[in-house]
1. Applying the Karplus parametrisation 6.51 cos²θ - 1.76 cosθ + 1.60 with θ = phi - 60° to the phi angles of segment 310-318, what ³J(HN,Hα) value in whole Hz is obtained for each residue in order, glycine and proline being reported as x?
2. Give me a comma-separated list of calculated 3J(HN,Hα) values for segment 59-72, in order, Karplus coefficients 6.51, -1.76, 1.60 applied at θ = phi - 60°, integers in Hz, x for any Gly or Pro.
3. Round to the nearest 0.05 the FRET efficiency obtained for residue 329 and residue 256 when R0 = 45 Å and r is the Cβ-Cβ distance.
4. Describe numerically, in nm with one decimal, the distance between label points set 7 Å from Cα along Cα→Cβ at residue 197 and at residue 168.
5. Quick check on the exposure proxy: order 102, 126 from fewest to most C-beta atoms within 10 angstrom.
6. Report the label-to-label distance for residue 296 and residue 270 in nanometres (one decimal), using points 7 Å from each Cα along the Cα→Cβ vector.
7. Set the bar at 21 Å for Cα to Cα. Now go through 111/158; 101/165; 167/329 and name every pair that lies beyond it.
8. Can you check what the net charge comes to around residue 286, using other residues whose Cβ is under 10 Å from the Cβ of residue 286 (Lys, Arg +1; Asp, Glu -1)?
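Values in this text are rule-based calculations from the coordinates and carry no lab data. Not measured: the values here are computed from a predicted model. In this analysis, Cβ positions are derived from the backbone assuming ideal geometry, glycine residues included, and neighbour counts consider all displayed protein chains.
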Amino acid sequence: MSRLILILRTHLSNTNGKADALKLLIITCVLLICMTLLPGCGGRVVFVREFPDDILFVMNDEPCVCDEYRIYLGSLQYENSAGVLKELMELYPQAREDLQKHAMERLETVKALRLYAGSAGILLTHEEETGCEENAARFCSLNAAYGDKTELAAGIFKDLALYAKTKESIMSEYAAEISDDEARVVTVLEFFAPFENYASPEEAHDAVLEAQEKMMAAPDAGMSFSAYAEEAGRILTADHPDANTAVRTISREGEDSETVMLVFELEDGETSQILRTEEGYYVWYCISAFDQALCDENKRNLTAKRRQEVYDSVLAGFVSELDFSLDRKQFERLLSGEDTALNSSVFEMSGTWQE
């Protein structure tokens, strides 16, 4: 921003008369508004410029050339399967452009994290750098277009390795222990009577009342809660085809507070109160109030989610402070198919080079 103000002052001092100065000031204000509205990584201001020498974008005075983008795009793998991208291109013509845009967004993030790593003192080991150089050499050997760009490819591969290492370092800052109660998962037989399937809300309520009564009936001696729920589910499905009856698991995350309150107070074999929502009526039969395996799995999921949230927050804060200038014409040329270096062979080899 300070650079832009300096440029403005210089132009203003060279203008002839107040009219020219006012015109330049108006144009500059309009440009500032437009640049603020341009989408960029992390919501930062993106300055759109034209660069010489095949430069695609500049981040904090560090350029990224088009060949780096081409190499990164070629190195992308999906599902670690050979030929996946080639098949994707054939089935969905739009997928090529979508993939290229995705690669651009990811490359911006990779470059941003390289800058973050520098400020945080995160470095690759000698062994990690050597592995990157070997992978880059193999990658370039598969396509003659990159035969003389091994050094550039090695730089991209090192950036990718540093990206992964830095991301893990950031996510490791989340070290809170999740309790069994927080991660508890309740297995229930759920009966849902949607209003749209009944002539009136009263009819839906009658259906859920019948379901509640069935759930509250005592199971036969020796019958497990899961076996009783299975039997009750078959009967309810047959008697109430307009309702939805299913066994499902419910955790605290991702559920509304009323559902959590009703379900998490149940013990094995108990039936909940009826809950009315905007969509219809619910009632639940508790098959299992606690399952250690499900609880442990949910702990892992919650930990992964919260680690990702820590990373997203740190990245967004760091990226918002970066200067970023994009040569949009260069990128549009890459997307348009006019770029002869970015041909189908890049997509075909990307699924096989790491096999």
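1. 4, 4, 4, 5, 5, 4, 4, x, 5
2. Those phi angles translate into 10, 6, 6, 9, x, 10, 8, 4, 4, 5, 5, 4, 5, 5 Hz.
3. 0.40
4. Distance between the two pseudo-spin positions: 4.7 nm.
5. Fewest-to-most ranking of 102, 126: 126, 102.
6. Taking the two extended label points, one gets 2.7 nm.
7. The answer is 101/165; 167/329.
8. Neighbour charge sum, excluding residue 286 itself: -4.
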